[in-house]
Each structure stands twice: as C-alpha cells, then as structure tokens.
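Before any comments, here is the structure.
The values are calculated or read from the model by the stated rules, or taken from the named source; none is laboratory data. Bear in mind the structure is a predicted one, so any value in this text is a computation, not a measurement. Every residue, glycine among them, receives a Cβ derived from its backbone with ideal geometry; neighbour counts consider all protein chains shown.
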Amino acid sequence: MTALILTFLKIGAAAYGGGWTIVGVIKASVVDKGWLSPEAFADLIAIAQVTPGPVALNTATLVGFRLYGFWGALLATLAVVTVPLTVSYIITILAHGHIRSGGKLTEALKTGTIGLIAMTVWSFAPQAALSWATLALSVAAFLASAFTRINPLWIILGSGTLGAVARVLF
C-alpha cells in the first residue's frame, strides 16, 4: 500500500490542470507497474467519467479501491490531493496581497496542459481508430468549435453521430 501512496503523491505533485491532463500519467504509472491491465484501466476511466467529480481524482480513488478496497481508495484519494492542496495553501499565504493577476502564469501553463491532454488522447486511441475519416472529423469539429458560434454540445453530438454512422457504413 506504500507504493500506492507514493505513486499518487508523485502524480498529485505533477498534476497541474487536473482531469484529462493527468489521466495519461496515471495510466502510465498504474499499467507499467502491472497493477492493472490496459483494458481494466480503460474500464476504470469509463466509471470515473460518469462519477461526479474530477476524473483524475475519481481515477485515483477507483485504482486504490480496486487494489486495496476502502482503505486503498481513501489513501489514494488523500495522496493525490495532498501536494496540490498544500502548495496552494502555501502560495496563498505567501502571496496574499502581492499578486495582482495570475493571468500570465495561467496562459503559460495552458501550453503544458494541451500537451498532456494530447498525450492522453494518443495513449487511449486504439490504432484502428486512427483513420483518415477520424482525423478529418476531428479537424472539422475543431474548426467548427474554434471559428463558429455553434454550441459545443451540438458539435460533440454531431461528431459522435457522424463517427457512429461512419463506423457502421465503412
């Protein structure tokens, strides 16, 4: 159980952006250690997505539960949030009244977040799903969301529908 705690302490320390930015890191840690198979981890991600709360936190909880039951879930959850909460608290205390805007820092960190999300998508994408049709649909969805005022919900639903139809037909 010590290895579980140390793993999620490290993940929590590296987890800027939370959510999908860190799921790929959790997958690499958990699957590489042989704690879960890639398929079992994908199943946990599916459950973590539909469970209320941040997907990375839910994933840590589910991995801990899968490995050690209730106590594993509790310790993995506490481990993954300990470092971020501690650092946030210390920065708040030290910077109180000195920081006017964190906008520049936030913008700088977005670049790293985008890279982590891309890594997560790449690691979960089955090689068969990486077709020209999938790529074209992804680019079309991006362009529609970036350059139109179409509600993102409609873009997601439309992309899902077109993807499902394409899989059935092709």
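Scan the stretch 1-40 residue by residue and report those that are among the charged types (D, E, K, R) and within 22 Å of Trp71 (Cα to Cα). Those that are among the charged types (D, E, K, R) and within 22 Å of Trp71 (Cα to Cα): Lys10, Lys27, Lys33. The number of residues in the stretch 137-170 that are at pLDDT 80 or above and not in a helix (DSSP H, G or I) comes to 4. Of the candidates Leu78, Leu85, Leu116, the single residue that is assigned to a helix (DSSP H, G or I), in the same structural domain as Ala15 (by TED's automatic domain parsing) and at pLDDT below 80 is Leu116.
Of the numbered criteria (1) touching a residue at least 40 places away in the same chain (Cβ under 8 Å); (2) β-branched (Val, Ile, Thr); (3) farther than 20 Å from Ala118 by Cα, the one Ile11 fails is (3).
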